[in-house]
1. Scan segment 1-48 for residues that are among the small types (Gly, Ala, Ser) and buried (at least 16 other Cβ atoms within 10 Å of the Cβ) and jot them down.
2. Does Asn68 count as modelled with pLDDT of 95 or more and not aliphatic (A, V, I, L, M)?
3. Quick one: would you say Pro115 is of a type outside the set (S, T, N, Q), open to solvent by 40 Å² or more (accessible area, probe 1.4 Å) and closer than 23 Å to Val145 by Cβ?
4. Every residue in segment 107-135 that is in a helix (DSSP H, G or I) and out of contact with any helix residue (DSSP H, G or I) (no Cβ under 6 Å at 6 or more places or on another chain), please.
5. Among the residues that make up segment 124-143, is at least one of them closer than 20 Å to Asp39 by Cβ and either open to solvent by 70 Å² or more (accessible area, probe 1.4 Å) or without any contact (Cβ under 8 Å) to a residue 40 or more places away in the chain (or both)?
6. So in segment 60-106, with the set limited to residues that are outside any helix (DSSP H, G or I) and without any contact (Cβ under 8 Å) to a residue 40 or more places away in the chain, which one is surrounded by the fewest Cβ atoms within 10 Å (Cβ to Cβ)?
7. Go through segment 49-59 and give me each residue that's surrounded by 13 or more Cβ atoms within 10 Å (Cβ to Cβ) and either closer than 30 Å to His119 by Cα or of a type outside the set (A, V, I, L, M) (or both).
8. Considering each residue of segment 34-59, count those that are over 19 Å from Gln92 (Cβ atoms) and not in a helix (DSSP H, G or I), and give that number.
Amino acid sequence: MKTWTVYLAGEIHTAWRDDIEQAVASAGLPVRFTAPVTDHAASDDCGVAILGSEPDKYWHDHKGAMLNGIRTRTMIGDADIVVVRFGEKYRQWNAAFDAGVASALGKPLIVIQLPEHDHTLKEVNAAALAVAREPIQVAEILTYVINGTLPARTSAQAAE
């Protein structure tokens, strides 16, 4: 049986990744998850911590972005499916960039975002194969895609 690799990109301020991982584990799906570094300070400072300090904040950030780019590009490239979550509070340019990379590589893309961002994310959503509103819907999508069956608790049933 195939083990699917799912890259979880996007906001790092909530436990949405844990919600998906727990639901997928409960469903017994053969999925391996990968993700960016979610420790914000480590992600920001990895470049200067490894390659040396920079007096200019631009070069400080640039070094970190390059190192994070190695991880992100590799993991998106290796993924069978890419999930990108856009959170409520922050403008997530990195999430939009990851969605673009996934789309350019022809990776199946699932977006998680709130209805109030539909207009703002219309181009990203147009590239996605599914737009979910909650992390549990991603687990339900994965259940359907991997097993060809509807999950025990479908979003449609939950909405009724």
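1. Ala9, Gly10, Ala23, Ala27, Ala35, Ser43, Gly47
2. Yes.
3. No; evaluated as a whole, the condition is false for this residue.
4. Pro115, Glu116, His117, Lys122, Glu123, Asn125, Ala126
5. Taking every residue of segment 124-143 in turn, none turns out to be closer than 20 Å to Asp39 by Cβ and either open to solvent by 70 Å² or more (accessible area, probe 1.4 Å) or without any contact (Cβ under 8 Å) to a residue 40 or more places away in the chain (or both).
6. Once the filter is applied, the top-ranked residue is Gly106.
7. Glu54, Trp59, listed by residue number.
8. So the count comes out to 5.
The values are calculated or read from the model by the stated rules, or taken from the named source; none is laboratory data. The model shown is predicted, which means the values in this text are computed figures rather than measured ones. A quick note on method: Cβ atoms are made from the backbone with ideal geometry, for glycine too, and the neighbour counts reach across all protein chains shown. The protein model used for the area step is the full one, side chains on, heavy atoms only, and it has no ligands, DNA or RNA in it. Shrake-Rupley method; radii C 1.70, N 1.55, O 1.52, S 1.80 Å.
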